[in-house]
Every structure is written in structure tokens, then in C-alpha cells.
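To keep things clear, I will list the structure first and then write my remarks on it.
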Amino acid sequence: MDVRGLIKEGVALFKNKKFDEAIEKLNQALDGIEDKNSQIQEQNDIQFWLGCCYFEQAMKAKGEIATKLFDQAVEHHQQQLRLAEQLEDKQNSLQEQIDARILLGHCYFKQAMKAKSKESEQLFGQAVEHFQRQLSLAEQLADKQNSLQQQINAQLLLGRCYLEQAMKAKGKELEQLFGQAVEHFQQSLEFAKQLTDEQNSLQKQKNAQYWLGRCYLEQVMKAKGKESEQLFGRAVEHHQQQLSLAEQLEDKQNSLQEQIDAQSWLGRCYFEQALKAKGKEAEQLFGQAVEHYQQQLNLAEQLADKQNSIQQQIYAQFGLGRCYLKQAVKIKDEDSSKVKELTEKAVKYFLFPLNNLPKLKDTLESNRGHRIILQYLREICFLQEKWQSYFDQKKQSIREKLFKNKKDNLTDAISTILAVLNIPPMELGKIPLAHYTSPSVCERLFGIDGDKTNDKADDNDPVDSNKVSPMRIGSSTYMNDPTEGEGLLELLNLQDLELENKADCPAYNAFFTCFSSRINDLNQFRLYGKENGVEASGCCLVFNKEGNWLKESDVSASFRSMVKKGGDGYSDEQLVEADIPDSDFEDDNLPLYQVAYIAYYDEYIAKEKCTIWLPNTRRPKFGIRLKPVGKNLKWHKFRIKELRAALTKLIKNSNKIKNEDGKALEYIRYLFKDFAFRDEEEFRLLKIEQIGSDKIKYCETTKSVYLPYADIRDIVDEVILGTNYEKSGKERKAEVFQHLMRKHYPKVKVSRSSLPINANPPIKKD
């Protein structure tokens, strides 16, 4: 068979997704060309299709395998590029070079999407370089319409690169990248208007308007106040233009699909803005979102492709359900009758997707949608004050994730305790939480070079995004409470005395980062974050003022490393791709837990200090203090009842707990602290990790191990500087910190504490 015949067979195998066979056939074709100085076009085509084969394989692979496959794809497209440059027909050569540049850019773009931090930036940079070269080549094409077409594609791809980078960026860098994305999308729009084929022009203009709308919507979700309103207006304007252009498309089914997409994004714009608004304004915005999702639903019903029609109806009904649910969340403390009305509507719209998701061909999407809707229905039970139903669903989910539905007294009690102490976003609401830390750590979290700020000879800006450190989840071993994790074991009388000459080191360690409901609290400032021994010199970082810090996550995220694989009753569930957070940090989506405090009864503890006494109120030995989360006292009473029952069950069955079952207690023993720490009103993000894991990092400065939590620059709402911030021994000035924060992170409020406390002199260092 000749070379052309082999190429044709290879392409047919590629289109049937038989990539290994296609590669074999294409390599046969390549081997069939004995003189590499001839048949340049054929060699170019072979390298093109080989690159495409490896690219498709890379897209489905993960980790190092994916990287190697991408490298192979790049190698073939580089060969394709070199061959394209050798083609005698200049215009054909230009077109083939453009194709090679597009594919090379795509290779780096897709890798950048999967990569993290600096590696991602470098890969995006390489993608941009190829797309820029594509653009300059496109300008040289003699056919002006083709030239415009290719320039439109290049501008869209460049815009995509900057948009994706912007979505990962923080502070001022974020604004610059969004600006570059908008510039490229705007340019593609101008070129699209110059196309002579009217329908093609309309399609390309619509694409550009969509991406411009997306740019502004992504900024809306990160912005606050007046800035958010302005960006929202621009996002709506572009998506309205997208809708208008979609209506002009002659292909009826294509027009319907494009209108559906536009209505969906308009609904999303109003939905996101409604989440930020208050009172009547929020109600109006939710109403407008509902209108667009209703339009999307009406259009979806007209699609001829039944599978697609069902899918689009599911999306629309899901959007409607979410609007009513989130509106109910907004007013849950203000109007109970309105909450009932809204949640009933939400249930109605969630039931259609729930019943029709099995009809979708994409099982991953179907399963993910199913989990999300069940979660929303559970939240509706909470809003409707159906405590038992809500709690049972929450507990069942925990039992499934951790114990594969294994049922005995131990797993039941532990599942109950976790269901009580885990605080998801619905329960937390807009309760602000504080994290106290030192000025030096605070500076590192925002990339401020503390030494540089005091260097009088250096006029350079001391803020460097390359020096940003993630917030850390610290080891439990060296926390301020030396009995951390032991209180519950003592309550259960499981503190065995070690008589051996040596003991095995634990295989796992608990890591957590702590928060307090006590904002700007004197006692917290005195205990935590002080620098050089100066009390109240630290910083109070405030989270969740708008109720948008905490993400929905399942409890098993805290314990994935210690989950056994095998049939011992413990879950071995793996994360599906759709559940992996879009972040550089794996642990930025950990569940939050409220800490309960264990008191040991004596004559000086008033019984009212604890809400639970064990084994009972008449014979108190241990007390449990658990404060309400928020103002809903009926829900708090329910939680107390469940916690009391679970702890009583654990105590009664503690003598039956075998060594192999003891691991299950690891799930809860770090959620209890000594009563002496009760004033901290602590919440914590918890992760149990295997010692020796690559996820655990070592800090040379503190000589300790930790887990990276998250880049918090756009998560923190406010930084409160301690009363004695300026007296910590490093010539710090509050106004300098405020200036740098306002310049680089204008969305983070900076204030100063005025709590009455004198500064003790800094500890002198030898």
C-alpha cells in the first residue's frame, strides 16, 4: 500500500478513537518514505495526525503518563512545523504552519489547565507564544477572508489563555490578566464583523460576545460593591448581544442551542449578582435570573435531538431550583412563610433533574449532578426545619463515605458525632471566624517582604506574588494543648498505660488549622500570634463575613489517607475527576468542625457551664460544652440531644472496642478539647495524613511539618492588626501595611484593634 493509502487508514482509525492502531499505521506510512527530502506534504500530514493521536491519549491520561504523552504530541507537532516551513507553495506553507502552531499551543494550554502554580504559568506562557506566532502568520495570508478567520481564532485562543490565568491569579495581577483577555476577545469581535459570509460572521461575533461576557462575569464573582455592579452590567450587556446574534442564525436547531446557552449565562449573571445583593434588590435579581432560566427551559423543549433536549431541560430546571433555594437561604432568618414558599418551588424544580439524570449518556456528569441535587434537597430540609430528616441524611452520607454503611454501635455513634460537629456552609451561614497569627506569617501570606519594608535604601515595592506562602495546617503534636486528642479517650476510659520499653510511632498524624468565633478578642490576641513575646502584637484574619468562604465538602475529605482498601467495613472511595477542586491546593476544600469541650466535674464547675453531663446529670463525671452555631436554638437543642445519645452509647460500649476498631475513633478524637480552652470557641479544619506522605511539607524555619491549606489572599475579608502591632521589634508601621494591602489587595479591609493592653518589651535575642 502506498503512503497516501496508509495515511488514509491511519486517519480512519483516529476518527474511530483507535489511537494505538492509528499510530502504528501512521508510523508505517512514515517508514515508507525512504528519502526524507521528498514527499514533504505527506510527512507533514503524518506528523500532524501522530501529534493528534498522542494529544487525544494525553487528554484522557493523568499524572506523569499524561505529561509524557503531551511531550510526544509536542514533538510530532514540532516536526510538523519544521516540515511546513519547507513546503514550496508559500501560502500552503503558511496555512500548515498556522495549523502546527494551533496544535502546539493547544498542547501547552491543556497542560497548563492541569498544572499548578509556577508550572501552570510557564505552560500558559508557551501556549501564548505559539498563539502569537499563529496570529502573525495569519496576517500574511493572501486570502483576506481566510486571514481574518485565522486571526479571529488566534485572538480567541490568546484571550482564553489570559482568562484562565486570570481565574487563578490574585490582587492586581488578576486585573491585568482580565484586561488582556478582554483586549483579545474584543479584537476577535472586530475581525468577526469584517467577514463577508453573514452567517459565519454572526457565529464568530456570538462567540466573541460570549467570551467577553464570561470575562466580566468571572470578575463579578471576585469583586465587591460598586465595582461588582459595573462589571455585572458589562457581563449582561455582552450576553444580551450573544442572545441577539444567536436569534439571527438561519439554522433553526443551531439557533435554538445558541439561544439556550445565552439565556443560561444571563441567568447565571443575575444569579451571581443576587447572591451579593440584599433585600428587595436581591429579590429582583433572583426574579430576573428565574426569567432567563425559564426562557432556557422553553427553548430546550423545542430541540429536535431528544437526548440534548432532556439534557438542556435538566440544566434549566436545576438553575431554577438553585435560584429559589439560594433566595430562601438569604431570608431564612427574616421570613419563615416566604422560606416555605421558596423551598417548595425549589423542590419542584430539583425533582425533574433528579428523575431524568439517568437518561444522560455521560455517567460522570449524571452521578455528580445526582450528588449535588441530593445535597440541595438535604439543605431544603434544614431550611424547612425538618431537623430529623436533615440530620439523618447528613449522618447517612457520612456512614456511606467512611464505613460503607457498616452498622454497629461504634460506627453509628461516630457517624452521629461527626454529623453534629461538622459545620457545612448551610449551618455556618454568615458567621465570621477569626484566625490569629503573627505579623511575620501574615506578611508571608500576602507576599510582603517584611525586611524589605524596613530597607531605607530600597525604593522597590516589597510585595512580590512569587513570595506568597499558603496558609498552613499545622501538626497536632505541638499544639498549645498537650493533651490534644486524649480527652475523648479518657472519657471512654481507653487510656492504656504503656509498660513496654519502646512503642511504635503512629502511622498517621492529625493536622489542623484553627479558627475562633471570637473576633478581635483580647484573650485570643494575648495567646496567639504574638511576636518576640509582645502580647497583642499579632494579626486577626477574618473569614466568612459574607458567608462565601466555606465550600461544600464531604467529611471523608479529612480522612482519605487513612481509609483502608479492603473489606474491613471502611470506605475506599476514590475522588472522581469532577470532585477535584480547581485549585493549586488539594486541601483548600476541607470540611469545618466545631470543637466540643470536655470538663471533669468538680466542686468549682457550675453545672450550667455544660449542656451535657455524663453518665447523667445526677451522677456527673464528665461535662460537654457546645455553644450554638448561629441563633437557631431549636437546631442547637436537636444537636445536643444527638450528641448526648451518641456519647452515652460510646461510653456503654467502650469495653467492647477492639484494637482494630480503634482507628474509627481517630475520626472524632481531635474534635474534643479540654474545658480549660472553652473561651476560644474553636472551629477547625482537620486532615489526618500518613506520615511519610509527599503531601506533608517540612519548614526549615520552625523545624516542623505541615500541610499547605490554601492561598488566602482573596479569601480573607479583613485583617485586624493587634493593639501592639507596631511594638513587635521590627519597626513595623500599621499605615505601611495598610497602604500595601490597599494597593495590591483592595478587597481586603485593614483595621487596627484598640483593645486595652500594655505592651511588654520584645524578647531580646542574643
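Could you tell me which numbered condition Val329 fails, if it satisfies all but one of (1) modelled with pLDDT under 95; (2) of a type outside the set (Phe, Trp, Tyr); (3) part of a helix (DSSP H, G or I); (4) over 26 Å from the mean Cα position of the chain (by Cα)?
Of the numbered conditions (1) modelled with pLDDT under 95; (2) of a type outside the set (Phe, Trp, Tyr); (3) part of a helix (DSSP H, G or I); (4) over 26 Å from the mean Cα position of the chain (by Cα), the odd one out for Val329 is (4).
Specify the residue that is nearest to Val182 (Cα to Cα); the eligible residues are those in the stretch 220-258 that are among the basic types (Lys, Arg) and in a helix (DSSP H, G or I).
Among residues in the stretch 220-258 that are among the basic types (Lys, Arg) and in a helix (DSSP H, G or I), the one nearest to Val182 (Cα to Cα) is Arg234.
From (1) within 27 Å of Gly547 (Cα to Cα); (2) assigned to a helix (DSSP H, G or I); (3) at pLDDT below 90, pick out the condition that doesn't hold for Arg472.
Of everything listed in (1) within 27 Å of Gly547 (Cα to Cα); (2) assigned to a helix (DSSP H, G or I); (3) at pLDDT below 90, Arg472 misses just condition (2).
All but one of (1) of a type outside the set (Val, Ile, Thr); (2) buried (at least 17 other Cβ atoms within 10 Å of the Cβ); (3) under 27 Å from the mean Cα position of the chain (by Cα); (4) farther than 29 Å from Ser475 by Cα hold for Arg742; which doesn't?
With respect to (1) of a type outside the set (Val, Ile, Thr); (2) buried (at least 17 other Cβ atoms within 10 Å of the Cβ); (3) under 27 Å from the mean Cα position of the chain (by Cα); (4) farther than 29 Å from Ser475 by Cα, Arg742 is out only on (2).
Restricting attention to the stretch 636-682, and to residues there that are touching a Leu at 6+ places or on another chain (Cβ under 9 Å) and of a type in the set (Asp, Glu), which single residue is surrounded by the fewest Cβ atoms within 10 Å (Cβ to Cβ)?
By that ranking, first place goes to Asp661.
Out of Ala12, Ala84, which single residue is aliphatic (A, V, I, L, M) and loosely packed, with under 15 Cβ neighbours inside 10 Å?
Being aliphatic (A, V, I, L, M) and loosely packed, with under 15 Cβ neighbours inside 10 Å holds for just one of Ala12, Ala84, which is Ala12.
Between Gly159, Gly105, Gly125, which is of a type in the set (Gly, Ala, Ser), out of contact with any Ser or Thr (no Cβ under 6 Å at 6 or more places or on another chain), part of a helix (DSSP H, G or I) and within 24 Å of Val463 (Cβ to Cβ)?
None of the other options fit; the residue is Gly125.
If you go through the stretch 32-45 one residue at a time, do you hit one that is closer than 24 Å to Glu164 by Cβ and in a helix (DSSP H, G or I)?
No, the conditions are met nowhere in the stretch 32-45.
Does the stretch 69-82 include one or more residues that are touching a His at 6+ places or on another chain (Cβ under 6 Å), within 15 Å of Asp45 (Cα to Cα) and either modelled with pLDDT of 90 or more or in a helix (DSSP H, G or I) (or both)?
No: zero hits.
Output yes when any residue across the stretch 64-76 is surrounded by fewer than 16 Cβ atoms within 10 Å (Cβ to Cβ) and more than 32 Å from the chain's Cα centre (by Cα), and no when none is.
yes
Tell me which of these Ile7 doesn't satisfy, since it passes every other one: (1) touching a helix residue (DSSP H, G or I) at 6+ places or on another chain (Cβ under 6 Å); (2) modelled with pLDDT of 90 or more; (3) buried (at least 19 other Cβ atoms within 10 Å of the Cβ).
(2)
Give the number of residues within the stretch 637-670 that are in contact (Cβ under 8 Å) with a residue 60 or more places away in the chain and outside any helix (DSSP H, G or I).
The number of residues fulfilling the criteria is 3.
Which one of these is in contact (Cβ under 8 Å) with a residue 40 or more places away in the chain and among the charged types (D, E, K, R): Glu250, Glu281, Glu227?
One residue alone meets the criteria, Glu250.
List every residue pair whose Cβ atoms sit under 6 Å apart, with the two residues 6 or more apart in sequence or on different chains, where the first one lies in the stretch 347-370 and is closer than 16 Å to Gly319 by Cα and the second, anywhere, is small (Gly, Ala, Ser).
So the pair list comes out as Tyr349/Gly321; Phe350/Gly321; Leu357/Ser366; Leu357/Gly369; Arg368/Ala578.
Out of curiosity, is Leu141 touching a residue at least 24 places away in the same chain (Cβ under 8 Å), outside any helix (DSSP H, G or I) and over 26 Å from Leu243 (Cα atoms)?
It is true that Leu141 is touching a residue at least 24 places away in the same chain (Cβ under 8 Å), outside any helix (DSSP H, G or I) and over 26 Å from Leu243 (Cα atoms).
When the stretch 727-741 is examined, which residues are found to be in contact (Cβ under 8 Å) with a residue 40 or more places away in the chain and not basic (Lys, Arg)?
Matches in the stretch 727-741: Ser728, Gly729, Glu731, Val736, Phe737, Leu740, Met741.
When both residues are 6+ apart or on different chains and their Cβ atoms are under 8 Å apart, which pairs have a first residue that lies in the stretch 193-208 and is under 18 Å from Gly159 (Cα atoms), and a second that is surrounded by fewer than 18 Cβ atoms within 10 Å (Cβ to Cβ)?
Gln205/Lys193; Ala208/Gln186
Of the residues that make up the stretch 432-439, is at least one surrounded by fewer than 19 Cβ atoms within 10 Å (Cβ to Cβ) and over 30 Å from Lys727 (Cα atoms)?
No, there is no match, as no residue in the stretch 432-439 is surrounded by fewer than 19 Cβ atoms within 10 Å (Cβ to Cβ) and over 30 Å from Lys727 (Cα atoms).
Name every residue in the stretch 724-763 that is in a loop (DSSP other than H, G, I, E, B) and among the charged types (D, E, K, R), in order of residue number.
Selection gives Lys730, Glu731, Arg732, Lys733, Lys747.
Each row is one residue, and each column tells you yes or no for (1) of a type in the set (A, V, I, L, M, F, W, C); (2) surrounded by 19 or more Cβ atoms within 10 Å (Cβ to Cβ).
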{"residue": "Ala169", "(1), (2)": "yes, yes"}
{"residue": "Phe178", "(1), (2)": "yes, yes"}
{"residue": "Leu243", "(1), (2)": "yes, yes"}
{"residue": "Ala246", "(1), (2)": "yes, yes"}
{"residue": "Leu256", "(1), (2)": "yes, yes"}
{"residue": "Gln259", "(1), (2)": "no, yes"}
{"residue": "Gly267", "(1), (2)": "no, yes"}
{"residue": "Glu281", "(1), (2)": "no, no"}
{"residue": "Leu285", "(1), (2)": "yes, yes"}
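Looking at Leu410, Leu351, Leu364, Leu357 in this structure, which one is within 26 Å of Glu666 (Cα to Cα), at pLDDT below 95 and assigned to a helix (DSSP H, G or I)?
Leu410
Yes or no: Gly319 surrounded by 21 or more Cβ atoms within 10 Å (Cβ to Cβ) and within 25 Å of the chain's Cα centre (by Cα)?
yes
Quickly run through the stretch 683-727 and pick out the residues that are out of contact with any strand residue (DSSP E or B) (no Cβ under 7 Å at 6 or more places or on another chain), modelled with pLDDT under 85 and either of a type in the set (Val, Ile, Thr) or buried (at least 17 other Cβ atoms within 10 Å of the Cβ) (or both).
Within the stretch 683-727, Thr701, Thr702 qualify.
Does the stretch 527-550 contain at least one residue that is outside any loop (DSSP other than H, G, I, E, B), at pLDDT below 85 and not aliphatic (A, V, I, L, M)?
yes
The values are calculated or read from the model by the stated rules, or taken from the named source; none is laboratory data. No experiment lies behind these values; they were computed from the predicted model shown. As a convention, Cβ positions derive from the backbone with ideal geometry for all residues, glycine included, and neighbour counts pool all protein chains shown.
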